Amino acid sequence: MANVSSFRQKQSTIFVAFLVTTFIVGIAGALQSPTLSRFLTFEVNVNSRLVGLFFSVNALASIVGSFLLAKYSDKQGDRRYIVIFCCLMGIANSITFAFTRHYLVLITLGVLFAALSSAAMPQIFALAREYAVKTGRNVVAFNSLIRAQLSLAWVFGPPISFGLAINFGFTAMYLTGMCMFMVAMLFVAVFLPSVEKNPTSQLNNEAELQAANQPLWKNRNVLCLLLSTVFMWTANMMYIIDMPIYVDVVLHLSDSLPGILMGLAAGIEIPVMLIAGYLVPHLGKRNLFFIAIVCGLIFYLGMIFCTGKYALLALQLFNALFIGIVANIGIIYFQDLLPTRMGVASTLFNNGIIFSIIIAGMLQGFVSEAYGHQVIYWIALVMVAISLLFCTLVKDVKTNVG
């Protein structure tokens, strides 16, 4: 009886450690990203073209760096050590930005450290999935709770980031980020488990094993899911970039309304993620994706035709359903399609988001300047509709929920 009690206590400690680690790494990222353009403009004193170049180079480097680490992690090595390495790179990145104001150093050395540290979150999700399978936990519910911590971090992180940068300076802000990575590294080293990779036990036959191990570019289901999520995230990123300007310049509403809209959507997303996680065994991932995409279509139609404050507030329910379901179920969907490559699967989902940011940034800037802001939401609506078409080509895969 004592052994059972001790085992349950250990499992509870590990579960809490996963939650805390995800939250802290999320906070570290949420501290640095929102104020980066401000830092480059006012501290490094570069023009908008160099700011844009930095964001593009940083995003591309993150895609490459995290994918290479993911491939390595799936073949060999303890994921804990890889997460610790990523946290060390995050510390190096924070120190570089805290004490350097030279653009060339930041776009080379700083970007290198940032690219390697960006793999931390996908690796944590991969480790969490492998641990849940090994211990017989409900995989979807476990992932939902952990994913909610990342959303929670982005509720608190940006206000803290701006508060630190404005009141205490960027050096203090980046050193705070460094401390976050140090705490996360400690939690990983002390509390997170070492999980032996045994993905083939989840597969039913040799055909499934061959399908899971085939090259990504030959895997139609993975490619279609990736394209579906890229179109969805690009629509969402275009909205996030354009909406504050659209609300002010076109709709002539309150300056504070964009922050309220984003905060409301983020707040609703957290329970949506948790509920979606529990609905997976009953509705299936593909059906939940369909529900999310329909909510996305309603949301962007609303953004085109609704111009009042309260209508925009009401639309955030559909926005939260759209993003909350995709953000939670998407990573599980990739993992189920690539059960022998958890690191690659988690990283593909993450890199799809990063790639979407690049596309959205270029499209929003060009389209809004040439054709006006409202056209952005017509394009977003078409993108979500295209994502629905790609989603229909992806097979539904049952998740082993434990």
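The values are calculated or read from the model by the stated rules, or taken from the named source; none is laboratory data. Owing to the predicted nature of the structure, the values given are computational and were not obtained by experimental measurement. Heads up, the Cβs are rebuilt from the backbone with ideal geometry, glycines too, and the neighbour counts pull from every protein chain shown. The area values use the complete protein model at the heavy-atom level, side chains included, leaving out ligands, DNA and RNA. Shrake-Rupley method; radii C 1.70, N 1.55, O 1.52, S 1.80 Å.
Summary table
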{"item": "Lone qualifier among Ile329, Ile291, Ile357, Ile304 - being in contact with a helix residue (DSSP H, G or I) (Cβ under 6 Å, 6 or more places away or on another chain), assigned to a helix (DSSP H, G or I) and open to solvent by 10 Å² or more (accessible area, probe 1.4 Å)", "result": "Ile357"}
{"item": "Qualifying residue in segment 48-60 (condition: closer than 30 Å to Phe168 by Cα, part of a helix (DSSP H, G or I), β-branched (Val, Ile, Thr) and touching a residue at least 24 places away in the same chain (Cβ under 8 Å))", "result": "yes"}
{"item": "Selected residue (only one of Leu164, Leu261 is out of contact with any strand residue (DSSP E or B) (no Cβ under 8 Å at 6 or more places or on another chain), at pLDDT 80 or above, open to solvent by less than 40 Å² (accessible area, probe 1.4 Å) and within 26 Å of Gly324 (Cβ to Cβ))", "result": "Leu261"}
{"item": "Test for Asp248: is it assigned to a helix (DSSP H, G or I) and crowded, with 24+ Cβ neighbours inside 10 Å", "result": "no"}
{"item": "Lone unmet requirement of (1) open to solvent by 30 Å² or more (accessible area, probe 1.4 Å); (2) in a helix (DSSP H, G or I); (3) more than 28 Å from Val140 (Cβ to Cβ) for Leu321", "result": "(3)"}
{"item": "Residue selected from segment 8-30 under the condition under 15 Å from the mean Cα position of the chain (by Cα) and modelled with pLDDT under 90, by the criterion least open to solvent (accessible area, probe 1.4 Å)", "result": "Ala30"}
{"item": "Evaluation of Leu68 against (1) among the aliphatic types (A, V, I, L, M); (2) farther than 12 Å from Leu116 by Cβ; (3) open to solvent by 30 Å² or more (accessible area, probe 1.4 Å); (4) under 22 Å from the mean Cα position of the chain (by Cα) (one fails), failing number", "result": "(2)"}
{"item": "Among (1) open to solvent by less than 50 Å² (accessible area, probe 1.4 Å); (2) over 19 Å from the mean Cα position of the chain (by Cα); (3) closer than 19 Å to Gly361 by Cβ; (4) of a type outside the set (A, V, I, L, M), the one test that Asn58 misses", "result": "(2)"}
{"item": "Where a residue in segment 171-197 is surrounded by fewer than 22 Cβ atoms within 10 Å (Cβ to Cβ) and its partner, wherever it lies, is in a loop (DSSP other than H, G, I, E, B) and β-branched (Val, Ile, Thr), with Cβ under 9 Å and at least six apart", "result": "Lys197/Thr340"}
{"item": "Matching entry among Ala320, Ala311, Ala345 (being small (Gly, Ala, Ser), in contact (Cβ under 8 Å) with a residue 40 or more places away in the chain and closer than 30 Å to Leu257 by Cα)", "result": "Ala320"}
{"item": "Lone unmet requirement of (1) modelled with pLDDT under 90; (2) within 30 Å of Val195 (Cα to Cα) for Arg286", "result": "(1)"}
{"item": "Qualifying residue in segment 374-383 (condition: open to solvent by less than 20 Å² (accessible area, probe 1.4 Å) and of a type in the set (Phe, Trp, Tyr))", "result": "yes"}
{"item": "Selected residue [under 17 Å from the mean Cα position of the chain (by Cα) and farther than 28 Å from Glu369 by Cβ] from Met237, Met262, Met273", "result": "Met273"}
{"item": "Options Phe334, Phe366, Phe390: the member that is out of contact with any Cys (no Cβ under 9 Å at 6 or more places or on another chain), more than 27 Å from Asp248 (Cβ to Cβ) and assigned to a helix (DSSP H, G or I)", "result": "Phe334"}
{"item": "Residue in segment 72-87 that is within 16 Å of Leu36 (Cβ to Cβ), part of a helix (DSSP H, G or I) and open to solvent by 10 Å² or more (accessible area, probe 1.4 Å) present", "result": "no"}
